[in-house]
1. Quick one: compute the contact order of segment 102-169, relative version, from alpha carbon pairs under 8 angstrom and 6+ residues apart, as a percent.
2. Given Cβ point charges of +1 (Lys, Arg) and -1 (Asp, Glu) and nothing else, what value in debye, to the nearest 20, does the dipole of the chain about its Cα centre take?
3. Relative contact order for segment 26-169 using alpha-carbon pairs under 8 Å, separation at least 6, rounded to a whole percent?
4. On full extension of the chain, what length is gained from Asp115 through Cys83, given 0.36 nm per residue of separation minus the C-alpha to C-alpha distance?
5. Read through the labelled values [x] 9.8; [y] 10.3; [z] 25.0 and report the label of the one computed as mean projected area of the Cα convex hull in nm² from the structure.
6. Can you give the helix-only mean residue ellipticity at 222 nm for the chain, where every DSSP H stretch with n ≥ 4 adds -39500 (n - 2.57) and the sum goes over all residues, rounded to the nearest 500 deg cm²/dmol?
7. Using the Kyte-Doolittle scale, which helices in the chain average at least 0.0 and also have C-alpha atoms spread 15 Å or more along the helix axis, with helices defined as whole DSSP H runs?
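Bear in mind these aren't lab numbers, they're just calculated from the coordinates by the rules spelled out. Keep in mind that what you see is a predicted model, and the values were worked out from it rather than measured. Neighbour counts are summed over all protein chains in view; Cβ atoms, including those assigned to glycine, are modelled from backbone coordinates with ideal geometry.
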Amino acid sequence: MIQNNTNQEFKNKGFRKTVVPTDIMTVTDILKSTGFFKPFEIDVAIELLQDRMKNGEGCGYQFYFLELEGRTVAYACYGEIPCTIKNYDLYWLAVDNNFRGKGLGTMLLQKIEEDIKKHSGRGIYIETSNKEQYAPTIAFYKKSRYKQIAVFKDFYAINDNKAVFYKKL
């Protein structure tokens, strides 16, 4: 549930789905601020933005941006999983480190879930590392009622497993 102080603290907030050229630098800054992503991972996130700008919705990637006082402070990328019947992947969800812990990630995730439901989506899959650094991320997904359904040993690197979470909508 969204914290009351978040709603009071951020009266001038909004969501947008349109990707604009300035999002390249903004998303880069958001991802760098978290301390979670390697440069090559940030490059992939930027490629998805560029693909969306070039090819529109046909690229398969959907975006939501959360803006406060005209500044983008969080973003997410998701899309329908090819060859499934209305299941979705959440590829990226990141909140600028200066705004973490204020319920913004929850607001963004709820907005994505609403959008997926609106398009008759059945479920959402999320992948993340389960290294100790990602404990807050895992706690966030569990708090949002996602269940861990799989672990792939040494997936990203030795001793860096991939945890898969799922939520039926």
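1. Relative contact order, segment 102-169: 37 percent.
2. Dipole about the Cα centre, nearest 20: 700 debye.
3. Contact order relative to length: 18 percent.
4. Difference between extended and current length: 9.5 nm.
5. Entry [x].
6. -11000 deg cm²/dmol
7. Sorted by number, the helices that extend far enough and score high enough are 23-34.
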